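One structure below.
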């Protein structure tokens, strides 16, 4: 009982310690806190993690300096080693966070990992400081622009706090018994199982949201954002006040809504395909069909375009067959035509994703109670009546969930398919919002408008979230069920 009371008293301090460890972990991906940027030649947009996993990130801009003899390889090697050691320390801090979710015995092990992280972090920052002295004492330091980044002191302070906090918690924790075992509550086990996926979501979905700040600057590629002019809502006003820009947005939205609308109108096709697939008598034939229709999902759109070019180009198989049959005299390049381009894109997308989209419905069919089919057969229901009155109602909840997600993504048609099929003849009818943002931001000549493309992408994300919650509320009002 005394151990439990002591643990409850220290719970608040343990929670604070966990939050601090999360910050330590995230710092490895924040470019502004990168302690390895010891020279002005090192890109200011890379994080500590990037420097640790890629030596070329550090040394790519020192090729001329190495060739001219302004610097030797040694400072770069020590910078890389210091980055790697600091990253290992952060990984140990992440392990300490996971272990802190257990009982007192696991908590003590967590504190040991914290001390190890602090010692390793001290070693890493010391190596980076030594690398800085090598940069500063190089034959031509003015060419290298040596920097002592604030990140070194931030990391040093983080590791000091880690060591001190771990020592304070160690004194508060009750002693463990010899027969104690390492134990983790079930809720924390489940949390740790999804933690890697949460980390990936944060890194690839939420961390890039920091790029939205480019919409408020006159950004020029190659120049640090801090040196660009802050223009506030200039690009917002340009987007809505410029007639030519409004015309372009209307055209792009027309293509986007048309292609998304066709997709939503035919979103029942994977469900029906799964139903008919499940009704096949021969298991061997069923598996063959399912395999053949699923494989296209793993083919890249570049290869799909290669197949389309081999079939529908002016010298492709389709024209060759028509010429040999005497139907036409000269072949035509159907890929250069903008006629029925929306139907063509939908057809290619359906061919590529139909089998993959049916997988979730096949899994849902297997969860329907077989006794329902047996009872229907006793009542004299035929195969199609069983499909209509049992299978389809059993799949409707899954269908509506996917439909709501599809509505929320109505502005996100993707990029790959339309990028490879785009050409000068069909650009006006194939350019969807994602492709427009790509073309606007990067541009064929590298002179794109990054702030404006960032703004459009930002508005697209906000509208998608609004559509998701609106569709969810509508589903709750109509069907009495919602996904959020």
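Summary of computed values
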{"read-out": "For segment 403-452 and segment 258-307, distance of Cα centres in Å", "value": "25"}
{"read-out": "For the chain, calculated [θ]222 nm from helices alone, where every DSSP H run of n ≥ 4 adds -39500 (n - 2.57)", "value": "-21500 deg cm²/dmol"}
{"read-out": "Burial ranking of peptide ranges 302-308, 84-90 (average Cβ count within 10 Å, highest at the top)", "value": "84-90, 302-308"}
{"read-out": "Residue exposure sequence - 368, 343 - by fewest surrounding Cβ within 10 Å", "value": "343, 368"}
{"read-out": "Pairs of alpha carbons in segment 229-479 whose separation is greater than 23 Å (percent)", "value": "64"}
{"read-out": "Span from the segment 15-34 Cα centroid across to the segment 338-361 one, whole angstrom", "value": "43"}
{"read-out": "Proxy reagent accessibility, fewest Cβ within 10 Å first, across 256, 429", "value": "429, 256"}
{"read-out": "Protection proxy ranking, peptides 354-365, 107-118, average beta carbon neighbours within 10 Å, highest first", "value": "107-118, 354-365"}
{"read-out": "Percent of C-alpha pairs per 10 Å bin, segment 87-178, short to long", "value": "17, 37, 23, 14, 7, 2, 0"}
{"read-out": "Two-decimal log10 I(q)/I(0) for segment 2-184, as the Debye equation yields it once each C-alpha is a single scatterer, q = 0.10 Å⁻¹", "value": "-0.46"}
{"read-out": "Whether segment 303-347 is rounded, prolate or oblate, judged on the alpha carbon gyration tensor where a/c under 1.5 counts as rounded", "value": "prolate"}
{"read-out": "Segment 37-138: radius of gyration over Cα atoms, expressed as a fraction of 2.2 N^0.38 Å", "value": "1.31"}
{"read-out": "Residues residue 236 and residue 115, FRET efficiency given R0 of 60 Å [Cβ-Cβ distance, rounded to 0.05]", "value": "0.75"}
{"read-out": "Degrees separating the helix 104-136 axis from the principal Cα axis of the chain, which is the longest one", "value": "80"}
{"read-out": "Rounded tilt (10° steps) of 186-201 against the dominant C-alpha axis of the chain", "value": "80"}
{"read-out": "FRET efficiency estimate (nearest 0.05) - Cβ-Cβ, residue 254 to residue 481, R0 45 angstrom", "value": "0.85"}
{"read-out": "Gyration tensor (alpha-carbon) shape descriptor, the chain, a/c threshold 1.5", "value": "oblate"}
{"read-out": "Residue list for segment 131-154, given a label point 7 angstrom along the Cα-to-Cβ vector of residue 64 and an amide N cut-off under 12 Å", "value": "143-144"}
{"read-out": "Average projection area in nm² (convex hull over Cα atoms of segment 130-261, one quarter of hull surface)", "value": "17.9"}
{"read-out": "Cut-off 11 Å (backbone N to label point 7 Å along Cα→Cβ of residue 425), residues of segment 297-330", "value": "313-315"}
{"read-out": "Overall form of segment 379-484 per C-alpha gyration tensor (a/c, 1.5; a/b vs b/c)", "value": "oblate"}
{"read-out": "Nearest-ten-degree value, helix 283-294 long axis tilted from longest Cα axis of the chain", "value": "70"}
{"read-out": "Virtual spin-label span in nm between residue 200 and residue 150, 7 Å along Cα→Cβ", "value": "3.4"}
{"read-out": "Ranking of 392, 465 by count of other Cβ atoms within 10 Å, fewest first", "value": "465, 392"}
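Each reported figure results from applying straightforward, stated rules to the coordinates on display, with no laboratory input. Since the model is a prediction, treat every value here as computed from it, not as a measurement. Don't worry about glycine lacking a Cβ; one is built from the backbone with ideal geometry, like all the others, and counts go over all protein chains shown.
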